[in-house]
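In what follows, a single structure is set out as structure tokens and then discussed.
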Amino acid sequence: MPAGRTNPFKDGVCDVTGADEPALAEERSGPSRADVIGTAIVLVVGLVVAVMGWGYGFQADNGQVGPGFLPVLTGSFIVVASALELLRMFLAPTAPVEGSFMEGVEKVEARAKEELARAMAESGGGEKEELDVFGRTHRQRGRAVQLVFGVMFVAILLIPLLGLLLSMTLMTFVILRFIESRGWLMSAAVSAGAFLFFFLIFRLALGLPLPTGMLGLV
Amino acid sequence: MLDNLVLGFQTAITPENLLFCLVGVVLGTVIGMLPGLGSATGVAILLPVTLSLDPVTALIMLAGIYYGSQYGASTSAILISTPGDSSSVVLSLDGYQMARRGRAGAALSISAIASFIAAIVSLVGLMALAQPIARWALNFGPPENLAIILLGLATIVSFAGENVLRGITMAALGLAVSMIGVASGFSTARFTFGSINLLSGLQFVAVMLGIFAIGEVLNQIRAGGVTPIRARFRDLLITRTELRRSVAPTLRGTGLGFIVGVLPGAGATLASFMAYGVEKQVSRYRHEMGNGAPEGVASPEAANNAAANASFIPTLALGIPGSGTTAILLGAFIMFGLQPGPLLFAQQPDLVWGLLVSFFFGNLILLLLNLPMAPVFAQVLRVPYAYLYPLVLFVSLVGAFALGNNTFTVWVVFFAGLLGYFMKRFDFPAAPFVLGLVLGPLLERALVQTSAMGHGSLLILLQRPVSAVLLVVALLALSLPLISSVIGRYRRRHPARQDI
């Protein structure tokens, strides 16, 4: 549980009425760098959409809506909403739900998330409370996601060489063996089983012409 | 109505359709149970597999996955406090607490019964309301269509949750992505950056596959997992007291869920949270909620199932999806050459009524399967996630190829997956993005036609009563969070005045 937050389950009863409401308000003390960067990127995307949209023609010759009308409008919405969001992050860093009609819903959701976090902590056990059922720490989990994206990227690049099914089989094997640290035999067996199953479904049952790549095997 | 029902029964009861209904609900249950694989993911992953089927059969199976996953998601929420679908997140409170106290089976039973009752009641509502609304909407011209699409976008933005600004941003971003390719009603290629592949735009279902399948699955790796609590067959028997206490919450949840589900964009998740909140206010046993009370299971479960069915009303009758998953189903309709909306009821009555009647059989199968078999299904949770997610990635990427018949679509899925992961990671809501994406082409078509009708002026929107009213309602929906926030803050700052 983050520092500064009260336990909504204290005394064995979950309070979702908001009795410990200040806890939510205390959650944000300032905008995180990732939040600011993410929102700024979205703002730039909106700007690009609006500017390019203007180039397509805001109005047609007959005065009617042109092909750039909706892009300009949409891009402007993105720019304004992102700019306001950035302002809100710096000027009103408290939880934005305060007082809104969605507040009750947000509180129930927040409690449910805390319950999940508690269940996870308990699953890991006392001294290894950081570890999840994968046996990974939080940092390792973030790294695993990056690795999986990397392996997927390479597997798609290999489609023109190995073909679709073989590339995906290789991807499955690499993830199981090297990211999930499963045994060689098990990783090979699961990958081969997946290959056979999806070959039967997509190639034989659905008759889809899947690319076989330069190797031309399957 | 009776003729339509007979037609629906004749369509739904064929052996092939019943079989695929069964396949759909079983797959839906299993998919819903798996953490990180919700109904949207299930429908997106399996859509390519249904391409060779008859449209009615395919849609019956896909819809079965949708409502089947509502049942499955509850099982994982109760047993591992990690729901497969966001609509069952709230069960992590009382459902998981019941499981921890040795009442896992009872919680599963209450969940299945409440879900079934809500599904059947809301199905009756769906059948009664969808056609009159569709008939009413038949008189709509482009301005009314434009206004109702704007209302759909406004509703989803105002229900986006924590931050309305992010909701607006994501809806607009979805619209922007939908504009890639040759403009609707024009010959201008937009945002293609010289790529021939982008000329025909991004395939909606491919983007969904990336966001919901790959993005969600990888987010689950980052989130970690929980060891499941074991549920036994003999525990499935619920006590008379538990049953008695579940009746009123089930009915309240059904009513609330139906109302919320009808609103475009509100969806099952919001319905379940609202139902829990209401129960917490009105239940006689509210002091027990959060500590394993049956009310905390029955009400949100009924609400999310009722909302799931009700969200088909705007989807089928108006062509405006009621939730993220119905947006994908709308994409499926379009892939099969069907356009959901008022004309669908007139042109394809066998499909619409066959689909609706199949909901009845599907939910009956789900009740029969879930009541005695929930502990068996729950064994799926014991399969290590490390083995499951590579297979999901495998089927998603092969399915991506099947959708577009080219490797470009596989790349679209990959990059959409990256986008979906970051959306989850940084709490950008996916539903407004999805709705923007699916409504973009419809919005632009209605906009161009309205502009032509008004000879370049969009003021025609305000000159026609229906579109004017819809537009005002859309503006109200958009400003509701702001107004309620201002009132809330005012009350907080002046607590004494409330007593006057």
Subset of the range B:158-197, residues facing another protein chain (nearest Cβ under 9 Å), on the phi > 0 side of the Ramachandran plot and at pLDDT 90 or above, comes to B:191
I need every pair where a residue in the range B:106-125 that is touching a residue at least 12 places away in the same chain (Cβ under 8 Å) and in a helix (DSSP H, G or I) has its Cβ under 6 Å from the Cβ of a residue that is charged (D, E, K, R) and surrounded by fewer than 24 Cβ atoms within 10 Å (Cβ to Cβ), sequence separation at least 6 or different chains. B:106/B:242
Failed condition for residue B:450, given (1) touching a Leu at 6+ places or on another chain (Cβ under 6 Å); (2) at pLDDT below 85; (3) polar (S, T, N, Q): (2)
Being more than 10 Å from chain A (Cβ to nearest Cβ) and more than 20 Å from residue B:449 (Cα to Cα) is the filter here; which residues of the range B:147-157 pass it? B:154, B:155, B:156
Selection within the range B:278-298 - in contact with a Ser or Thr (Cβ under 9 Å, 6 or more places away or on another chain) and either more than 14 Å from residue B:118 (Cβ to Cβ) or among the charged types (D, E, K, R) (or both): B:278, B:279, B:280, B:281, B:283, B:286, B:289, B:293, B:294, B:295, B:296
Which one is farthest from residue B:212 (Cα to Cα) among residues in the range B:408-428 that are at the interface with chain A (Cβ under 8 Å from one of its Cβ atoms) and outside any helix (DSSP H, G or I)? B:426
Filter the range A:169-189 for residues that are among the hydrophobic types (A, V, I, L, M, F, W, C) and over 26 Å from the mean Cα position of the chain (by Cα) and give the result. A:184, A:185, A:186, A:188, A:189
Selection count, the range B:357-393, where residues are within 14 Å of chain A (Cβ to nearest Cβ) and either assigned to a helix (DSSP H, G or I) or within 14 Å of residue B:113 (Cβ to Cβ) (or both): 11
Can you confirm whether the range A:18-41 contains a residue that is farther than 30 Å from residue B:455 by Cα and modelled with pLDDT of 90 or more? yes
Filtered residues of the range B:37-67 (kept if within 12 Å of the chain's Cα centre (by Cα) and over 16 Å from residue B:403 (Cβ atoms)): B:38, B:39, B:63, B:65, B:66, B:67
Can residue A:51 be described as at the interface with chain B (Cβ under 8 Å from one of its Cβ atoms), among the hydrophobic types (A, V, I, L, M, F, W, C) and touching a helix residue (DSSP H, G or I) at 6+ places or on another chain (Cβ under 9 Å)? no
May I ask you to say which residue of B:313, B:328, B:320 is surrounded by 24 or more Cβ atoms within 10 Å (Cβ to Cβ), in contact (Cβ under 8 Å) with a residue 60 or more places away in the chain, part of a loop (DSSP other than H, G, I, E, B) and of a type in the set (Val, Ile, Thr)? B:320
Residues of the range A:180-200 classified as facing chain B (nearest Cβ under 9 Å), surrounded by 19 or more Cβ atoms within 10 Å (Cβ to Cβ) and either free of Cβ contacts under 8 Å to residues at least 24 places away in the same chain or not aromatic (Phe, Trp, Tyr) (or both), total: 5
Which numbered condition trips up residue A:102, out of (1) over 23 Å from residue B:83 (Cα atoms); (2) modelled with pLDDT under 70? (1)
Take residue B:76 and tell me if it is surrounded by 22 or more Cβ atoms within 10 Å (Cβ to Cβ) and either more than 15 Å from the chain's Cα centre (by Cα) or of a type outside the set (S, T, N, Q) (or both). yes
Sort out which residues of the range B:445-459 are more than 9 Å from residue B:143 (Cβ to Cβ) and either assigned to a loop (DSSP other than H, G, I, E, B) or more than 7 Å from chain A (Cβ to nearest Cβ) (or both), and write them in order of number. B:445, B:455, B:456, B:457, B:459
Given the condition in contact with an Asp or Glu (Cβ under 7 Å, 6 or more places away or on another chain), within 21 Å of residue B:21 (Cβ to Cβ) and buried (at least 24 other Cβ atoms within 10 Å of the Cβ), answer yes or no: does some residue in the range B:90-103 qualify? no
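The values are calculated or read from the model by the stated rules, or taken from the named source; none is laboratory data. All values reported here derive from a predicted model rather than from experimental measurement. FYI the Cβ positions are ideal-geometry reconstructions off the backbone, even for glycines, and counts take in every protein chain you see.
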